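Working notes for the structure below.
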């Protein structure tokens, strides 16, 4: 690892921590820390030399002590269908991750990764095929958004932590990221516009409930019962579905934030009428809605996309039983749209070893 990479990442510091260091270690005034923080998190400075209202001496001292995490895309694919942009971002240690930029009428959304790879083992997901390499830092999560804003020249208004990785498996860095991205001294993105997806790590859902955050929790449910869930998601063997749903109810009780139930519809696995009826009964009265996601085929798996007709019939069954359900608009399907697909193709083409 280079000496630069061994330096402390200044973007990992929240505004209070940065102030303490500037005052106690650099003998600077508090307002100087505010200036530097805004350069990093509002103006998205890529180098200390960009900080033109900071003295040259202080910039040099900062450069000796810290590095700035700047994520440079090594590959960008743009969908010809809907303008979705998918990024391969290289990290300081040469690992790569995926991020996605999506344009909607209600604003620009980004989907970011929280880990390099994933250890949850969901059988329909490409992100988990090579397992977990490492967690991302909060700074690396922030840097994905900053890189996308620099590339597109547009402001991001909505964030979904639903790329590669299980966010609650990287709990401390995730919470730090949420607090920093919503800080009015940074990008000041409303926590109500941030969604965090989880496979259902029960202790972490309960812990998140106590953080005082106003983010949306999206449960990767994907099954109407324990047996089907275990078939699709190994994590289900650790946490009974009933316990997962109780934790979600607790999250709603503490935050009053409506839940999202993500349901990847897999042909011949979880897409029939009986399963729709089971799902409606399972989540009745749970203050949330179902997001039906026609699964993207992954070449390493045998699962197939469902027929559109079956997906909309599944939706109709849910709605007839009082469950609010939507079918996710397919974004970027022509550019390896499913989680982990583009990263795996990039790794294979580049001959990168993930062991």
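Throughout, read-outs are computed from the coordinates displayed, never taken from laboratory work. It should be emphasised that the depicted structure is a prediction, and the values quoted were computed from it without experimental measurement. Positions of Cβ are backbone-derived with ideal geometry, glycine not excepted, and every protein chain shown enters the neighbour counts.
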Return one number: the angle in degrees, 0 to 90 and rounded to the nearest 10, between the long axis of the Cα atoms of helix 30-41 and the longest principal axis of the Cα atoms of the chain. 50 degrees
Between residue 78 and residue 307, what's the calculated FRET efficiency when r is the beta-carbon distance and R0 is 30 Å? Round to 0.05. 0.60
Please report the antiparallel percentage of the DSSP beta bridges confined to segment 72-350, to the nearest 5. 45 percent
Acute angle (nearest 10 degrees) that the helix 273-283 long axis makes with the longest principal axis of the chain, alpha-carbon atoms: 50 degrees
Cα-derived Rg to Rh of the chain, Kirkwood definition: 0.99
Cα principal axis extents for segment 3-67, largest first, Å: 28, 22, 22
Rounded to the nearest 500 deg cm²/dmol, what is the calculated helix-only ellipticity per residue at 222 nm for the chain, with -39500 (n - 2.57) per DSSP H run of length n ≥ 4? -10500 deg cm²/dmol
0 to 90° range, to nearest 10: angle between helix 341-350 axis and the chain longest Cα axis: 60 degrees
Rh by Kirkwood over Cα pairs, then Stokes-Einstein D for segment 120-271 at 1.002 mPa s and 20 °C, µm²/s: 131 µm²/s
Cα-based Rg / Dmax (Å) for segment 267-329: 12.1, 38
Relative pair counts by distance (%), Cα atoms of segment 80-168, 5 Å bins: 3, 14, 26, 24, 17, 12, 5, 0
Working note, segment 49-122: Cα radius of gyration (Å, one decimal) and Dmax (Å, whole number) are 17.4, 51
Difference of contour (0.36 nm per residue) and Cα-Cα distance, residue 210 to residue 321: 36.8 nm
How much length is gained if the chain between residue 70 and residue 246 is pulled fully straight, taking 0.36 nm per residue apart and subtracting their Cα-Cα distance, in nm to one decimal? 59.4 nm
Determine the distance separating the Cα centre of segment 249-316 from the Cα centre of segment 189-209; give it in Å without decimals. 18 Å
How do 50, 169 rank when sorted from fewest to most other Cβ atoms within 10 Å of their own Cβ? 50, 169
Neighbour-count ranking [beta-carbon atoms within 10 angstrom, fewest first] of 177, 31, 261: 31, 261, 177
